[in-house]
Amino acid sequence: MNKNTQNDDCFAHWIAKTHFTFKNRLSQDLKQYNLTVLQRQILLLLFENDSMTQRQICEETISEASNMTATLKRMEQNDYICKVKHPEDKRAVLIQPTKKAFELQEQLEEFGNNDEFLFDGIDEKDQETVVKVLKEIYKNSLQEQLENKLK
C-alpha cells in the first residue's frame, strides 16, 4: 500500500489536517489583535477563572513552562494580562486579564464559535457523534498519558 493511501484512511492524519486548517483560520482572525491562538486560549481561561498561576495555565493548555514564560511576557507587554502577588503563596503570582483584554472578550469568544462551516453537509446526528467520539478519544489519550507517567 502506498503512503498516500495509508494517510487517506489514517484518523490522526485527518485530525491533524483539520486542526491545521482551523488553527490557520483562527490565527488570521486574531492577527488584528496581535494575539496568537495560544494567547487567545489563555485569555479565555482567565475570563472563566478570573486569575490563574502560570502552572495552572500550563496544565490547562498542555504547554511547557519555558514556552509559557515567553508567551505571558509578550501578553503582558501588549497589555492583555497583568501579574499580581498570590494572596496565599508568596512565591507565586497570579495572572489576570486586563481591562484591554476584557474589552475583547466577546470577540475572542466568538472566534471559536465560528466553526459551523466545518459541519457543512453533515447531518446533525453525525455532528453529535463526531463530537462525542472526539471527547472519548481525548479522554483515552489522557488516560494513556497518565498510565505512562506512572510506569
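Quick rundown of the values:
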read-out	value
All helices (runs of 4 or more DSSP H) inside the range 2-112 with 1 or more residues being touching a Cys at 6+ places or on another chain (Cβ under 8 Å)	65-77
Of all residues making up the range 54-67, the number that are more than 13 Å from the chain's Cα centre (by Cα) and either among the polar types (S, T, N, Q) or closer than 25 Å to Gln32 by Cα (or both)	4
Count of the range 43-99 residues which are buried (at least 16 other Cβ atoms within 10 Å of the Cβ), within 24 Å of Leu142 (Cβ to Cβ) and small (Gly, Ala, Ser)	1
Residue ID - nearest to Leu26 (Cα to Cα), chosen from residues in the range 115-130 that are surrounded by 10 or more Cβ atoms within 10 Å (Cβ to Cβ) and without any contact (Cβ under 8 Å) to a residue 12 or more places away in the chain	Phe119
Condition check for Phe102: modelled with pLDDT of 90 or more, out of contact with any strand residue (DSSP E or B) (no Cβ under 6 Å at 6 or more places or on another chain) and aromatic (Phe, Trp, Tyr)	yes
Qualifying residue in the range 139-149 (condition: touching a residue at least 60 places away in the same chain (Cβ under 8 Å), surrounded by 10 or more Cβ atoms within 10 Å (Cβ to Cβ) and farther than 21 Å from Thr53 by Cα)	no
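The values are calculated or read from the model by the stated rules, or taken from the named source; none is laboratory data. Worth saying up front: this structure is predicted, and the values here are computed from it rather than measured. Positions of Cβ are generated from backbone atoms using ideal geometry, with glycine treated the same way; all protein chains shown enter the neighbour counts.
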